[in-house]
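Working notes for the structure below.
Please treat every number below as a calculation from the coordinates, not as lab data. Everything quoted here is computed from the prediction, not taken from an experiment. Glycine gets a Cβ as well: all are built from the backbone with ideal geometry, and neighbour counts include every protein chain shown.
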Amino acid sequence: MPVEMGSVEFDALVDRALDAIPDEITSLVRNVVVLVEDEPPADDPDLLGLYDGIALTERWGDPMMDLPDRIFIFRNPLLDMCESVQEVEDEVRITVVHEVAHHFGIDDARLHDLGYG
């Protein structure tokens with residue numbers, strides 16, 4: 001049965017997941033905004049998160065001159081797949097780390113190997 005959770009509580013889980021990323025990693029994140037949306041794009045309804053941008057490994061020039069990259073965390077699919085608040089918290093953390101890793105150029109295959117697939 002899906003977990004019932006309001007947007008304020010869910011946003012707090014995303015904030016905690018971001019805060020748990022070590023400072024030595026977050027200090028390297030450049031020009032990225034994290035957004036929580038209720039639903040993913042219609043063409044991929046099971047998507048939990050999405051990195052929309054150019055990985056640091058593929059950039060040229062000053063990234064601060066570009067529009068910010070975006071990380072989307074999709075609330076409803078995460079709530080639908082979980083059966084407890086603790087499971088939601090775990091899955092949010094995994095999803096946040098997964099999408100931040102894409103900012104650093106880490107692909108899905110490597111993330112699966114690391115347990116963040």
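Quick look at the numbers
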quantity	calculated
Helix-only [θ]222 nm of the chain, DSSP H runs n ≥ 4, -39500 (n - 2.57) each, per residue, nearest 500	-12000 deg cm²/dmol
Derived scalar couplings ³J(HN,Hα) [the stretch 14-23; Karplus, 6.51 cos²θ - 1.76 cosθ + 1.60; whole Hz; x for Gly, Pro]	5, 4, 5, 4, 5, 5, 7, 6, x, 4
5 angstrom amide H check on VAL34, placed H, neighbours 5+ away	ILE71
Degrees between helix 85-103 axis and first principal axis of the chain (Cα, 0 to 90, nearest 10)	20
Cα-projected label distance for ALA109 with VAL85, points at 7 Å along beta-carbon direction, nm	4.1
Residue with peak Gaussian network fluctuation, the chain [Cα springs, cutoff 10 Å], from GLU89, GLU99, GLU24	GLU24
